[in-house]
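The values are calculated or read from the model by the stated rules, or taken from the named source; none is laboratory data. As the structure is a computational prediction, the values presented were derived from the model and not from experiment. A quick note on method: Cβ atoms are made from the backbone with ideal geometry, for glycine too, and the neighbour counts reach across all protein chains shown.
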Amino acid sequence: MSRTPYTSATSQSAKMRKDESFLGRLGGTLGRKKKSKEVSELHEEGKKAINAPMLPPGTDIHPEDTLLEENAERIMLDPTSRENPKFKDMLKVLIDWINSELEEDRIIVKDLEEDCYDGQVLQKLFEKLSGRKLNVAEVTQSEIGQKQKLQTVLEAVNELLRPHGWSIEWSVDSIHSKNLVAIVYLLVALAMHFQAPTRLPEHVSVQVVLVKKREGILQTALVTKELTSTTEMMMGRLERDAFDTLLDHAPDKLNVVKTSLITFVNKHLNKLNLEVTELESQFADGVYLILLMGLLEDYFVPLYSFFLTPESFEQKVHNVAFAFELMQDAGLKKPKARPEGSL
């Protein structure tokens, strides 16, 4: 008597019960996952509903911008401000200035966010401007190493700028996270403190998105940040020179000093059949200053090195900046004045 049919039927029945049990468990698992996903989506929709009215149009909140501790906040540049012509002009001015300062180091900056975040450029720039060597590793690839370098650089910067009344609008985290507003604040402060031979655009303001975390919920607001004011107000932070002091305390003696300077200048410029009668206007474009340096140092300044009859503002700035270079080559200290400040 064969038992095969019975065994086969029993085995098939057991397999069906097993499959039903597995499908049941699978259905329960899928059901729980679906329900959990729905709850999660509902929670996210609730957060978005709360935050949406405060979120500026066209602003993208990236995932890393939401990873905030409770009561922490983060600032991001509003997209409309990024396209502001005056702001874009400021970025170009700052980039050109940095590249001019670091030309000897063969460092070329093309993008402030991508080139300044790791501390390498900021280190070289600060060392060049201050004449102070920082004790940091030359090359750092790791995030920890980059932040350590930034920490050292920013401590030196803050130590230098804070006593002069600068508001510290940057931090290690903001610079390393490529916060363009923080980077620009830092560079503007350095440019003004060290009297960079460039003209920063006046009245540059940007709108930033301020993201805060309160009770686990992200809150956003639009805030206006002023990056530069007028040249006069920004220059007011700089150290006053002897002529400022003379003008404040003995204005009657200023004309005596000017007369003496004119006599000295003409003693040399007369050799070229040139004469100065008014210092402010005749030295403003840099031509007489360049020629005077050549006469005092006894060399001929090639005419292709400067604009003999400058017409544009840029050409005049070039002349004055070139004259300053000749002064430094002669062993004089770097002038406190800015080339464009004479125009």
Name every residue in region 286-313 that is within 25 Å of Glu101 (Cβ to Cβ) and either surrounded by fewer than 12 Cβ atoms within 10 Å (Cβ to Cβ) or β-branched (Val, Ile, Thr) (or both), in order of residue number.
Ile290, Val301, Pro302, Tyr304, Ser312
So, in region 157-169, exactly how many residues are of a type outside the set (Val, Ile, Thr), at pLDDT 90 or above and crowded, with 19+ Cβ neighbours inside 10 Å?
0
Tell me yes or no: at least one residue of region 104-113 is acidic (Asp, Glu), touching a residue at least 40 places away in the same chain (Cβ under 8 Å), in contact with a Leu (Cβ under 6 Å, 6 or more places away or on another chain) and closer than 30 Å to His318 by Cα.
yes
Only unsatisfied item for Val265, checking (1) of a type in the set (A, V, I, L, M); (2) at pLDDT 85 or above; (3) assigned to a strand (DSSP E or B), is (3)
State whether the residues of region 133-145 include one that is closer than 21 Å to Val93 by Cβ and hydrophobic (A, V, I, L, M, F, W, C).
no
Just the residues that are over 25 Å from Ala191 (Cα atoms), aromatic (Phe, Trp, Tyr) and not in a helix (DSSP H, G or I), please, taken from region 291-336.
Tyr299, Phe300, Phe307
Taking region 96-113 as the search range and keeping residues that are surrounded by fewer than 18 Cβ atoms within 10 Å (Cβ to Cβ), in contact with a helix residue (DSSP H, G or I) (Cβ under 7 Å, 6 or more places away or on another chain) and in a helix (DSSP H, G or I), which one is modelled with the lowest pLDDT?
Asp105
